[in-house]
Amino acid sequence: MNKFTLLFLALALSLFSKDLKIRNDTFPATEMKAQNITVAKMSAEALSKDLPHTIDKYTTLQTVTSQGPTMIYTFIINSGSKSDEAIKNEDKSRMKKAITTGVCQSAKLLLAAQIDITYIYSSAKTKAELFRFNISQKDCVGI
């Protein structure tokens, strides 16, 4: 996932930098927010071109979309015979810590630009949402 994320960041910055107008002053907050929405949208579009993407034997990245200045990654978990409730009870806290640490380390530029990242995990069997992790720069303090 790290190589995939780094490739995404490089691509997103490359795509966005072509349209940048050089400025020497500070961006007003409204322009910064509009810019972040554009970066999130362009990044999601670029990442979506190669989906679905198998992460491991249980997890597939299904979609990447944006909603305002938030990028939303949707994963499908194929848990075999394990029930949705068992996954929620046994895996949520472990996954939240691992996902937050991974995103904080691999998406520093996006988070620093106030672009938040949401990971949604759904069951392959039932299509029910299992977990939702919303990660912003404040979640990365100390990581």
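Here are the numbers:
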| item | result |
| --- | --- |
| Selection status of Ala46, of a type in the set (Gly, Ala, Ser), modelled with pLDDT under 80 and more than 18 Å from Ile135 (Cα to Cα) | no |
| Within region 109-143, tally of residues that are free of Cβ contacts under 8 Å to residues at least 12 places away in the same chain and not small (Gly, Ala, Ser) | 4 |
| Only one of Thr60, Thr65, Thr70 that is under 23 Å from Ser122 (Cα atoms), touching a residue at least 12 places away in the same chain (Cβ under 8 Å) and touching a His at 6+ places or on another chain (Cβ under 8 Å) | Thr60 |
| Residue count for region 45-64, restricted to those that are out of contact with any Phe, Trp or Tyr (no Cβ under 9 Å at 6 or more places or on another chain), surrounded by 14 or more Cβ atoms within 10 Å (Cβ to Cβ) and either hydrophobic (A, V, I, L, M, F, W, C) or over 17 Å from Thr118 (Cα atoms) (or both) | 1 |
| Filter result for Leu47 (more than 16 Å from Leu111 (Cα to Cα), of a type outside the set (Val, Ile, Thr) and within 13 Å of the chain's Cα centre (by Cα)) | yes |
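Here's the yes/no breakdown for (1) closer than 22 Å to Gly80 by Cα; (2) touching a Ser or Thr at 6+ places or on another chain (Cβ under 8 Å):
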{"position": "Asp91", "(1), (2)": "yes, no"}
{"position": "Arg94", "(1), (2)": "yes, no"}
{"position": "Lys97", "(1), (2)": "no, no"}
{"position": "Thr101", "(1), (2)": "no, no"}
{"position": "Gln105", "(1), (2)": "no, no"}
{"position": "Leu110", "(1), (2)": "no, yes"}
{"position": "Ala124", "(1), (2)": "yes, yes"}
{"position": "Lys127", "(1), (2)": "yes, no"}
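The values are calculated or read from the model by the stated rules, or taken from the named source; none is laboratory data. From a predicted model like this one, the values you see are computed outputs, not experimental measurements. Here the Cβ is made from the backbone with ideal geometry for all residues, glycine too, and neighbour counts use every protein chain on show.
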